[in-house]
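What follows is a set of notes on a single structure, which appears directly below.
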Amino acid sequence: MISIKKLFEPTDMTIWKPWKSILTFSIPMIIGNIAQQLYSTVDSIVVGHYEGDTALAAVGSALPLFNLLLVLFVGISAGVGIMVAQYFGAKAREELSSTIGTCITITAIASLFLMVAAPPIIKPVLSLFNTPKEILNDCTNYLVIMMYGAAGMAYYNILGGILRGLGDSFSSLLYLLVATVINIILDIYFVANLDMGVAGVAWATVIAQFISSALCLLKLVKLKEHFTLGLKELKISGRHCSQLIRLGIPTGLTQAIFSSAMLVVQSLTNCFGVAFIAANNIVMRVDGFAMMPNFSFGTAMTTYAGQNVGARRLDRVSQGAKEGTFMAVACSAFITFVILLFGKHLMAIFTKNPETVELSYYIMKILAVGYIAMAVTQSLSGVMRGAGDTMTPMWISLITTIIIRVPVAYIISWATTTDALPNGRFECIPVSLLCSWVIGAALTALFYRIGKWKSKAIRV
C-alpha cells in the first residue's frame, strides 16, 4: 500500500511491474488534464452563457494562434522531461541538477522574448487568416493578455514536466487543481460581476497559471536529496542546452506544424461563419476531454521509457509499451462511448442555442473513432520520445498534418462547392482531421515495430 506522502515524492519507475508504474503515474495525469482542460472549457462556458456565441467564437478562433506562439515552451518542456527522466533513472545527480537549472534560465529568456515580440503581430496574423470582423477585436484582446502572462503558463508546464520526469505526477496535479479553482472563481467574477467579457477570462487564466507555476517551483526547491538548485546550476550549460535542443526542437516543431496547420484550417473554418466557428469551438472543448487518456498515457509512457532506458532496462520498455497502449485504448474507448451517449447534454453546457448544440454533436460523431486511434499514436510516440527519439514522431506529425489533413480539408471543400455552398461542405474540417488521426496511428505503430528508437538514449 502506497502512503499519501509517497505519492508526492519522485518515483522510480524501473522497479514496479510496468502496468502498475504506468497506471499509478497516469491516474493523476488524467485528473490533471481534466483540470487543465477546465481552463479553456470554463472560459468558453462563461463567455458563451454571459456574452453569447460571438464571444464564444472569439475564444475559439484565438486558440490555434495561441498554441503556435507557445511552441517554443512545448519543445523545452518535452526535452527537459526526457532528460530528467533518463538522468533520474541513471542516478546522475550532477547532470540532473545542471539540466534543471539550464531549463529554468532558458525559459525566463524565452518568456521575456515572447512577451515583447508577440503582441504587435497578433492582430495582423488574425486578419490574414480571415478572422470575421465581428470577433477580431475580442480575439486580439484575448491573445494579447495571454501573451503578457506567457511566463506563468510556460513555467507551470515546464516545471510540471520536470516533476513528472522525476516520477511525481501528484504534486503538479495538486497545484493544477488549486489553480483551476482560482481560475473558475475569477472567470465568473470578472465576466459576470465586472462585465470584462473575453478579456476577463484571459486575465483569470493568466493569474491562475502564475500561481500554479510558483507552487511547482517551491516544490522543486525542496527536493534537495535528488538534485541541487542554486545559482551555479542556473548558469546555462552548453552541453545540456544542446541536448535540450536536440530532444525538444522536434517536439516543438511537431507542435508548430500542428498549430500552423490548425491556422490554415482555421482560415477555412472562418469561411463557414460565426455559427460554425462557435460549434467547432465547443467540439474542441469536448475533444480535450476525449483526448485526456491519450495525452496522459503518452506522458506516462515518456517518463516510464525515459527512466528505464536510463537504467538500461529495454526489456521493461517493450513490456510497458504493450501494457500501456492497451490501457490507453481501453480508457479512450470508454470515454468516447460516454461522450457520444451524453453528447448533446455536454454541448448544451456551452450554449443556449439548440442549433449550435445539434451541429456540435454532429461534428463530434464524425470524429469519434479517431480518439481510439490517437490512443495508439500517443502511447507509442511517448515510448519513442522517452527513449530519446523525438524525430520520428515529428516526421509522422508532419506527414499526417501537412500532407494529409490540410490537403484533404481543402480538396473536400473544393469538391463539394455549389452555388448554395460557395465554400463547400463544412464536413471537410472534421473528416480531414479523422483521416490524419487514423493514418498517424498506423504509421506510429509501424515505426515503433521497426525499433530504431532503441538506439537514441542519452549517454550518461
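Sequence gap at least 6, Cα distance under 8 Å: using those rules, report the relative contact order of region 91-151 to the nearest whole percent. Could the numbers behind the result be given before it?
Numbers: 25 pairs, mean separation 27.1, N = 61.
Worked out over region 91-151, it gives 44 percent.
Mean residue ellipticity at 222 nm from the helices of the chain, using -39,500 (n - 2.57) per DSSP H segment of n ≥ 4 over the full residue count, to the nearest 500 deg cm²/dmol?
About -27000 deg cm²/dmol.
At a Förster radius of 41 Å, what calculated FRET efficiency corresponds to the Cβ-Cβ distance of Asn193 and Arg312, to the nearest 0.05?
Values: r = 58 Å, r/R0 = 1.40.
Plugging the Cβ-Cβ distance into 1/(1 + (r/R0)^6) gives 0.10.
Compute the angle between helix 18-50 and the longest alpha-carbon principal axis of the chain, please, reported from 0 to 90 degrees and rounded to the nearest 10.
Approximately 30 degrees, to the nearest ten.
Applying the Karplus parametrisation 6.51 cos²θ - 1.76 cosθ + 1.60 with θ = phi - 60° to the phi angles of region 102-109, what ³J(HN,Hα) value in whole Hz is obtained for each residue in order, glycine and proline being reported as x?
4, 5, 4, 5, 4, 5, 4, 5
How much solvent-accessible surface does Tyr362 expose, in Å² to the nearest 10, with a 1.4 Å probe and all protein chains in place?
Taking all protein chains as shown, Tyr362 has close to 90 Å².
Between Phe337 and Ala442, what FRET efficiency comes out of the Förster formula 1/(1 + (r/R0)^6) with R0 = 35 Å and r the beta carbon distance, rounded to 0.05? Before the final figure, lay out each step's value.
Working: r = 23 Å, r/R0 = 0.65.
Efficiency computed from Cβ-Cβ geometry: 0.95.
Order these peptides, 300-309, 15-24, 338-347, by their mean beta-carbon neighbour count within 10 angstrom, highest first. Let's see the in-between values first.
Working: 300-309: 30.1, 15-24: 17.5, 338-347: 15.6.
With the highest mean Cβ count within 10 Å placed first, the list reads 300-309, 15-24, 338-347.
For the chain, what is the relative contact order in percent, using Cα pairs closer than 8 Å and at least 6 residues apart in sequence? Please report the intermediate quantities before stating the final value.
Working: 772 pairs, mean separation 110.5, N = 460.
Normalised by residue count, the contact order of the chain is 24 percent.
Going by average Cβ neighbours within 10 Å, how do the peptides 78-90, 323-335 rank, with the highest at the top? If you can, show how the numbers build up before the last one.
Numbers: 78-90: 28.3, 323-335: 19.9.
Ranked by mean Cβ neighbours within 10 Å, highest first: 78-90, 323-335.
So which of Lys20/Lys352; Lys17/Lys344; Lys322/Lys365; Lys365/Lys452; Lys17/Lys222; Lys123/Lys365 end up more than 32 Å apart by C-alpha? Display every interim value, and only then the final one.
Working: Lys20/Lys352 43 Å; Lys17/Lys344 40 Å; Lys322/Lys365 28 Å; Lys365/Lys452 36 Å; Lys17/Lys222 28 Å; Lys123/Lys365 34 Å.
Long pairs (Cα-Cα over 32 Å): Lys20/Lys352; Lys17/Lys344; Lys365/Lys452; Lys123/Lys365.
Could you please put Ile76, Ile121 in sequence from largest to smallest accessible area, using a 1.4 Å probe?
On the way: Ile76 10, Ile121 80 Å².
In descending accessible area the options line up as Ile121, Ile76.
At a 1.4 Å probe, what is the % contribution of carbon and sulfur to the accessible area of the chain? Before the final figure, lay out the partial values.
On the way: 12860 of 18540 Å².
Summing carbon and sulfur atoms, their accessible area is 69 percent of the total for the chain.
Would you please report the Å³ per residue occupied by the convex hull of the alpha carbon atoms in region 75-222? Write out the running numbers ahead of the final one.
Numbers: hull volume 16.3 nm³, N = 148.
With only Cα atoms used, region 75-222 gives 110 Å³ per residue.
Would you mind getting the accessible area per residue of the chain, heavy atoms of the protein chains only, 1.4 Å probe, in Å²? Kindly include the intermediate steps, with their values, before the conclusion.
Details: 18540 Å² over 460 residues.
Heavy-atom SASA per residue in the chain reads 40 Å².
So how tilted is helix 314-341 from the main axis of the chain? Cα-based, degrees 0 to 90, rounded to 10.
Value to nearest ten degrees: 20.
Taking Cα atoms, how many degrees apart are the long axis of helix 53-69 and the longest axis of the chain, rounded to 10 and kept between 0 and 90?
Between helix and principal axis, roughly 40 degrees.
If you scale each eigenvalue of the Cα gyration tensor by 5 and take the root, what three semi-axes come out for the chain, rounded to whole angstrom and sorted largest first? Spell out each step's value before the answer.
Details: eigenvalues 244, 126, 84 Å².
Taking √(5λ) for each eigenvalue gives 35, 25, 21 Å, largest first.
How are the C-alpha pair distances of region 69-152 spread across 5 Å bins, as whole percents from the shortest bin up?
Per 5 Å bin, starting at 0, the Cα pair percentages come out as 3, 13, 20, 16, 13, 11, 8, 7, 5, 3, 1, 0.
Let me make sure I get this right: for region 224-342, a, b and c are the square roots of the gyration tensor eigenvalues over alpha carbons, sorted descending. Under 1.5 in a/c it's rounded, otherwise prolate if a/b > b/c, else oblate. Which is it? Working shown, then result.
Details: a/c = 2.66, a/b = 1.45, b/c = 1.83.
Oblate is the answer for region 224-342, as a/c is 1.5 or above yet b/c matches or exceeds a/b.
The values are calculated or read from the model by the stated rules, or taken from the named source; none is laboratory data. As the structure is a prediction and not an experimental result, all values here were calculated from the model. Positions of Cβ are backbone-derived with ideal geometry, glycine not excepted, and every protein chain shown enters the neighbour counts. Remember, those area values only see protein heavy atoms, side chains included, never the ligands or the DNA or RNA. Shrake-Rupley method; radii C 1.70, N 1.55, O 1.52, S 1.80 Å.
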